[in-house]
2 protein chains.
Amino acid sequence: MNKLVIVGTVAFDAIETPFGKTDKILGGAGTYIGLSAANFKLDSAVVSVVGEDFPQEYIDLLKNRNINTEGIEVVKGGKTFFWSGKYHNDMNSRDTLVTELNVLADFQPKVPVAYQDAEVVMLGNLHPMVQSSVLDQMTTKPKLVVLDTMNFWMDCALEDLKAIIKRVDVITINDEEARQLSGEYSLVKAAKAIHKMGPKYVVIKKGEHGALLFENEKIFFAPALPLEEVFDPTGAGDTFAGGFAGYIAQTGDYSFNNMKNAIIQGSNLASFCVEKFGTERMLNLKPEEVATRLSQFKELTAFEIN
Amino acid sequence: MNKLVIVGTVAFDAIETPFGKTDKILGGAGTYIGLSAANFKLDSAVVSVVGEDFPQEYIDLLKNRNINTEGIEVVKGGKTFFWSGKYHNDMNSRDTLVTELNVLADFQPKVPVAYQDAEVVMLGNLHPMVQSSVLDQMTTKPKLVVLDTMNFWMDCALEDLKAIIKRVDVITINDEEARQLSGEYSLVKAAKAIHKMGPKYVVIKKGEHGALLFENEKIFFAPALPLEEVFDPTGAGDTFAGGFAGYIAQTGDYSFNNMKNAIIQGSNLASFCVEKFGTERMLNLKPEEVATRLSQFKELTAFEIN
């Protein structure tokens, strides 16, 4: 089995949507990526940091899904990263109400020795220097490094961000962020500009409008599954990235054609994530449900023009 | 060859985009639909009205593409419908600068006798009573009636609009309009509500984000081709509708599976329309170009998960 190293936050979230609100619940990019990748056959480890206030039962939820949690440091006397946000009625935009970095402020990731030769590395959204530090610890050059990031780092750590972008094979980024990073409005032009910054593959996430995969002139498009109701979009992007990296790690096929499949797998898993608050749906996801919806994805775009 | 009756404006447009501006040029929904449908093997007629100021050479442009123009009434001493608009930098929104109805104010469409038994009827965006009047003139029940409309008629002629919606097989409408018409934010729920209003097939156009086709529980999604540059979006929706109706008329196959192909054909033709100002690109479109881009559409969404 191929190994997948995931770095990302393991955290508390409090979420408000037009459908309701939650207290502090399990969240964080590392959590969503890990839970999503756990739907594939691989050997994964999450590298993160939490405070002493973080319940062991949350760690156990990951362990029970065969995710190695050795790399999740527990800081004595520390408090766990906390994010709180409120979604607008259209569910496409949100306000951040609270961001408490807490133990994340001094996070120095430590990749467990047994995972320093992992085939695939998924760098979840974090300070670019933290992402770099994970790559520095790899003793064998990974077959594929996937980077997720966001506009926040473009605003406050652009040079560090450019440095890590240069070192990765795949970048996943949303449409507005791709425009900001490249200075191009057209996503086709934006992808070209981002290719020049390093990544061989550029994945542009468009939320409910699907995702685009670029490898130079080649383009692939995956729709989001049209849903009756989006209950809570939190974690959808991370779940997408986790499905993408997880499927690649399972198959060990790093070709453009297999990236297409990985994009579909990521979109498929993300379509579940938004059906309930937080991680709830991902924690109660059956393989049959994943398979059934995957066939819906095929029907959604398949056509046969003679 | 199947017959296709198209009703829609044949008009003057003046367009301003971030790339430049035009004087009065050939425009109108009927024009775009006709030019797009002309890419297929069928016997089409455009039903419309123009003033005495309308150049014969514009009529000839349609005739030269085997479009019957008998149903385009020329009003002596009348002035042609004129629309002028300016696109914002994102090309997704626009301001209407001028709307002069002129001869359109009293338009009473007359379907040429030879086309009153047409298999397919495409009702371009117009007052719902005008669209109804075309259907009233059909001596044989058409195999398929396609309706295009817009928010303007929801605001000022909702009951008339509902009456014509009840009589059609397919409605094409954009996402915001679908939400307005149905009162539902989710497009899946909106489509369900619109099904109940009459149409067996609901097509929701999302511009650069593609189009969705619904037949009750069945959903098909067609992406828009990602383009380096959108030069002028005017007429893209009509070109989409014309390609859709034209392909259906050519094939004479009214099944859901063939509607999928028709959606792709419409999306393909619309991708050309936006590359130049007004009708310019559609007037200089070669069959080889259409075929080549169609294969790009296949590559764009095809994947093979084992």
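The values are calculated or read from the model by the stated rules, or taken from the named source; none is laboratory data. Predicted model, so just to flag it, every value in this text is computed and none were measured. Cβ atoms come from the backbone with ideal geometry, glycine included; neighbour counts cover every protein chain shown. Surface accessibility is based on the protein's heavy atoms, side chains included, excluding ligands, DNA and RNA. Shrake-Rupley method; radii C 1.70, N 1.55, O 1.52, S 1.80 Å.
Test A:V230 against the stated conditions and say whether it is touching a strand residue (DSSP E or B) at 6+ places or on another chain (Cβ under 7 Å) and among the aliphatic types (A, V, I, L, M). Spelling it out, it is not the case that A:V230 is touching a strand residue (DSSP E or B) at 6+ places or on another chain (Cβ under 7 Å) and among the aliphatic types (A, V, I, L, M).
Evaluating B:F220 against the criteria (1) in contact with a Phe, Trp or Tyr (Cβ under 9 Å, 6 or more places away or on another chain); (2) closer than 18 Å to B:L4 by Cβ leaves one unmet condition, (2).
Scanning the range A:120-133 for residues that are open to solvent by 20 Å² or more (accessible area, probe 1.4 Å), assigned to a loop (DSSP other than H, G, I, E, B) and touching a residue at least 60 places away in the same chain (Cβ under 8 Å) yields one hit, A:N125.
Just one of the listed residues (B:K276, B:K205, B:K260, B:K218) is in contact (Cβ under 8 Å) with a residue 40 or more places away in the chain, among the basic types (K, R) and within 29 Å of A:V230 (Cα to Cα), namely B:K260. Is it fair to say B:N257 is more than 13 Å from chain A (Cβ to nearest Cβ), polar (S, T, N, Q), farther than 21 Å from B:Y32 by Cα and surrounded by fewer than 24 Cβ atoms within 10 Å (Cβ to Cβ)? Criteria not met by B:N257.
A residue that is within 26 Å of A:L42 (Cβ to Cβ) and either small (G, A, S) or touching a Leu at 6+ places or on another chain (Cβ under 8 Å) (or both) occurs nowhere in the range A:86-98. When B:D136, B:D106, B:D117, B:D169 are checked against the criterion of being within 26 Å of B:S44 (Cα to Cα), under 17 Å from the mean Cα position of the chain (by Cα) and open to solvent by 30 Å² or more (accessible area, probe 1.4 Å), a single residue qualifies: B:D169. Screening A:I305 with (1) farther than 28 Å from A:S84 by Cα; (2) of a type in the set (A, V, I, L, M); (3) modelled with pLDDT of 95 or more gives one miss only, at (3).
Summed over the range A:1-12, residues that are in a strand (DSSP E or B) and open to solvent by 10 Å² or more (accessible area, probe 1.4 Å) total 2. Within the range A:13-33, the set of residues being crowded, with 20+ Cβ neighbours inside 10 Å, touching a strand residue (DSSP E or B) at 6+ places or on another chain (Cβ under 8 Å) and not in a strand (DSSP E or B) comprises A:G28, A:A29, A:G30, A:T31, A:I33.
When the range B:42-64 is limited to residues that are assigned to a loop (DSSP other than H, G, I, E, B) and open to solvent by 70 Å² or more (accessible area, probe 1.4 Å), the one that is nearest to the other protein chains (Cβ to nearest Cβ) turns out to be B:N64. Against the numbered list (1) in contact with a strand residue (DSSP E or B) (Cβ under 8 Å, 6 or more places away or on another chain); (2) not in a loop (DSSP other than H, G, I, E, B), B:S36 comes up short only at (1). Contact map, the range A:37-63: residues that are touching a residue at least 40 places away in the same chain (Cβ under 8 Å) and more than 20 Å from A:D13 (Cα to Cα) paired with residues that are of a type in the set (G, A, S) and part of a strand (DSSP E or B), Cβ distance under 6 Å, separation 6+ or inter-chain. Pairs shown: A:A37/A:S44.
Among the residues of the range A:270-306, those that are within 9 Å of another protein chain (Cβ to nearest Cβ) and open to solvent by 60 Å² or more (accessible area, probe 1.4 Å) comprise A:Q296, A:K298, A:E299, A:E304, A:N306.
The set of residues from the range B:68-93 being in contact (Cβ under 8 Å) with a residue 40 or more places away in the chain and away from chain A (no Cβ under 14 Å) comprises B:N68, B:E70, B:G71, B:I72, B:T80, B:F81, B:F82, B:W83, B:S84, B:G85, B:K86.
Given the options A:L187, A:L158, name the one that is touching a Leu at 6+ places or on another chain (Cβ under 8 Å) and either open to solvent by 10 Å² or more (accessible area, probe 1.4 Å) or without any contact (Cβ under 8 Å) to a residue 12 or more places away in the chain (or both). Criteria check complete, one pass: A:L187. Would a scan of the range B:91-100 turn up a residue that is open to solvent by 40 Å² or more (accessible area, probe 1.4 Å), assigned to a loop (DSSP other than H, G, I, E, B) and over 30 Å from B:L227 (Cβ atoms)? Within the range B:91-100, none of the residues are open to solvent by 40 Å² or more (accessible area, probe 1.4 Å), assigned to a loop (DSSP other than H, G, I, E, B) and over 30 Å from B:L227 (Cβ atoms). Checking the structure you have, find out if any residue of the range A:238-254 is in a loop (DSSP other than H, G, I, E, B), open to solvent by less than 10 Å² (accessible area, probe 1.4 Å) and away from chain B (no Cβ under 11 Å). There is no residue in the range A:238-254 that is in a loop (DSSP other than H, G, I, E, B), open to solvent by less than 10 Å² (accessible area, probe 1.4 Å) and away from chain B (no Cβ under 11 Å).
In the range A:194-213, the qualifying residues are those that are open to solvent by less than 10 Å² (accessible area, probe 1.4 Å) and in a loop (DSSP other than H, G, I, E, B), and the one that is nearest to the other protein chains (Cβ to nearest Cβ) is A:G210. Among the listed residues B:T140, B:T172, identify the single one that is in contact (Cβ under 8 Å) with a residue 60 or more places away in the chain and either β-branched (V, I, T) or not in a helix (DSSP H, G or I) (or both). Answer to the check: B:T172.
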